[in-house]
1. Given the criterion touching a residue at least 24 places away in the same chain (Cβ under 8 Å), over 30 Å from residue 103 (Cβ atoms) and hydroxyl-bearing (Ser, Thr, Tyr), identify the matching residue among 175, 194.
2. State which residue is farthest from residue 125 (Cα to Cα) when the search covers only the range 101-114 and only residues that are without any contact (Cβ under 8 Å) to a residue 60 or more places away in the chain and crowded, with 18+ Cβ neighbours inside 10 Å.
3. Looking only at the range 60-74, filter to residues that are assigned to a loop (DSSP other than H, G, I, E, B) and within 17 Å of residue 86 (Cα to Cα); which one of those is least open to solvent (accessible area, probe 1.4 Å)?
4. Taking residue 189 and the conditions (1) farther than 18 Å from residue 80 by Cα; (2) at pLDDT 90 or above; (3) open to solvent by 30 Å² or more (accessible area, probe 1.4 Å), which numbered condition does it fall short on, given that it satisfies the others?
5. Enumerate the pairs (first residue in the range 116-127 and more than 16 Å from residue 101 (Cβ to Cβ); second residue anywhere and open to solvent by 20 Å² or more (accessible area, probe 1.4 Å) and part of a loop (DSSP other than H, G, I, E, B)) with beta-carbon separation below 8 Å, excluding pairs fewer than 6 apart on the same chain, so at least 6 apart or on different chains.
6. Say whether the condition of being more than 22 Å from residue 125 (Cβ to Cβ) and of a type in the set (D, E, K, R) is met by at least one residue in the range 157-177.
7. Considering only the range 250-259, state which residues are assigned to a helix (DSSP H, G or I) and in contact with a helix residue (DSSP H, G or I) (Cβ under 7 Å, 6 or more places away or on another chain).
8. Could you please let me know if residue 147 is open to solvent by 80 Å² or more (accessible area, probe 1.4 Å), part of a helix (DSSP H, G or I) and not aromatic (Phe, Trp, Tyr)?
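The values are calculated or read from the model by the stated rules, or taken from the named source; none is laboratory data. Just so you know, these numbers come straight off a predicted model, no measurement behind them. All Cβ positions, even for glycine, are placed from backbone atoms using ideal geometry, and neighbour counts span all protein chains on display. The accessibility values were calculated without ligands, DNA or RNA, using every heavy atom of the protein model including side chains. Shrake-Rupley method; radii C 1.70, N 1.55, O 1.52, S 1.80 Å.
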Amino acid sequence: MAYTLEQVEHFNGECHRILHELEQLQLRIVAQGQPLDPESRLREHLLHGAARRVGAIRRAIQNIYALFPPETERPLQRDVLADVNINLHAHVMNLYGLYDNWAWAYVLQHNLEEVIGGRRRVGLFIEATRNRLPTELREYLSLRQTTEWHQNYAKSFRDALAHRIPPYIPPALLTPEEGTRHNELELEKVQCITNRRWERLEEVWTEQGGLGAPCPYFLHAYTEETPPRPVYLHPQVLSDAMAVIEFGDLFLEHWRRSA
């Protein structure tokens, strides 16, 4: 098991609480967006942008915890691991996109698109937009921990997913001996495919899948000049959700006010 029993209990408890709070945030967004002009871009960014993304983040976390509970003791099967990675991708992309929906909602509410210089300058972490925000929002987004989270994590993993190497969870953590055996089996897989030994190939997959311990972290490209550090999956997605809830509540309180 990758975590202590105390950590497992904490993560599972926090997951239950956070899923509920994400649902409540989604409902508050809908309540503010629903009365708006059905044909307006503002309503679309709130209902079909922000609210839908919060729902997707909520469901992705729920799926990750169901498919890969923190208390997992054996490496995940191939298809299960693929499903966890798919949900991680949904989480990363909607996490990043949500902040753009918040930005568009504010810009459209206050008719700022032309004032700030066009659509390419719409973004909560772009000065042209951020400088127009109410003090409470501007100060929150200018905090060092907020800007570092956005630049070094949210943007880094979103850009990798969209343009380079998608974030992934390694199949397992291996001891040196297990690593040697894993590499032997990897070579045998190529031989099986070349010689069309499909039954043996399945046996190799099975043995390889049983090696090691479950890997609790994710990363993207490790061959770049500044490769990312591995990020622990279960606490990170909860931390991301807490940031969404915190800023979402703040945004809904102040977005109708101009700077």
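1. After applying the criteria, what remains is 175.
2. Checked the range 101-114; the qualifying residue farthest from residue 125 (Cα to Cα) is 112.
3. Checked the range 60-74; the qualifying residue least open to solvent (accessible area, probe 1.4 Å) is 68.
4. (3) is the only condition that residue 189 fails.
5. 116/132
6. yes
7. Within the range 250-259, 250, 251, 252, 254 meet the criteria.
8. It is false that residue 147 is open to solvent by 80 Å² or more (accessible area, probe 1.4 Å), part of a helix (DSSP H, G or I) and not aromatic (Phe, Trp, Tyr).
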